[in-house]
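For reference, the structure discussed in these notes is given below.
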Amino acid sequence: MEDKRRFEECQGFWSAWPFRIALLLAAVSTAFAVFDKGLRVEGMIGLAVLGSVALLARVFPMTTVVDDSGIHVRFGPGFLGKRWPLAEVAQAKVVRYAPLREFGGWGYRIGRGGTRAWTVRGRDGVELIMRDGRTVVIGSSRAQDLEAAIRPALP
């Protein structure tokens, strides 16, 4: 029997403004290296980095699913992911956070006090307080919907 999905969201790095700025800076520095010295090693390295970053941004979005078995978060085709059974969650609330200041950036991060964050863009998410005291923040552009999918399963 398949679990009923209560919520599903797929967010990519591509639309995050810091990611776009990093890509722009990489493109500009690559262009300067190529036009200033010709297509030498520096230019080829820059092009390789730029291409790799662009490819990873498209291939590794963050997918969040809430179903009867729990909360699932993964990047890309599942190389990095985590599942929390709903029975382990004591509280869930919508929060606004600062990814760069609180967690040092985007992706899977560990912040001050051991709080884990799974985030790719934006400043909104759902903070999970686990029964064992651990705290997890899941970034979401639909944080209200994510919380609404989790809340009915809480005690």
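Does R121 satisfy the condition of being surrounded by fewer than 16 Cβ atoms within 10 Å (Cβ to Cβ) and either in contact with a Ser or Thr (Cβ under 8 Å, 6 or more places away or on another chain) or part of a helix (DSSP H, G or I) (or both)?
No: the conditions fail for R121.
Among what's in the range 81-112 and is touching a Lys or Arg at 6+ places or on another chain (Cβ under 6 Å) and part of a helix (DSSP H, G or I), pick the residue that is farthest from R123 (Cα to Cα).
Checking each candidate, the answer is E88.
Exactly one condition in (1) more than 19 Å from M62 (Cα to Cα); (2) modelled with pLDDT of 95 or more; (3) surrounded by 14 or more Cβ atoms within 10 Å (Cβ to Cβ); (4) not acidic (D, E) is not met by V137; state its number.
Among (1) more than 19 Å from M62 (Cα to Cα); (2) modelled with pLDDT of 95 or more; (3) surrounded by 14 or more Cβ atoms within 10 Å (Cβ to Cβ); (4) not acidic (D, E), the lone unmet condition for V137 is (1).
For the range 61-72, state whether one or more residues are loosely packed, with under 14 Cβ neighbours inside 10 Å and free of Cβ contacts under 8 Å to residues at least 60 places away in the same chain.
Looking through the range 61-72, none of the residues is loosely packed, with under 14 Cβ neighbours inside 10 Å and free of Cβ contacts under 8 Å to residues at least 60 places away in the same chain.
The values are calculated or read from the model by the stated rules, or taken from the named source; none is laboratory data. Being a predicted model, the structure only gives us computed values, none of them experimental. Virtual Cβ from ideal backbone geometry, glycine too; neighbours counted across all protein chains shown.
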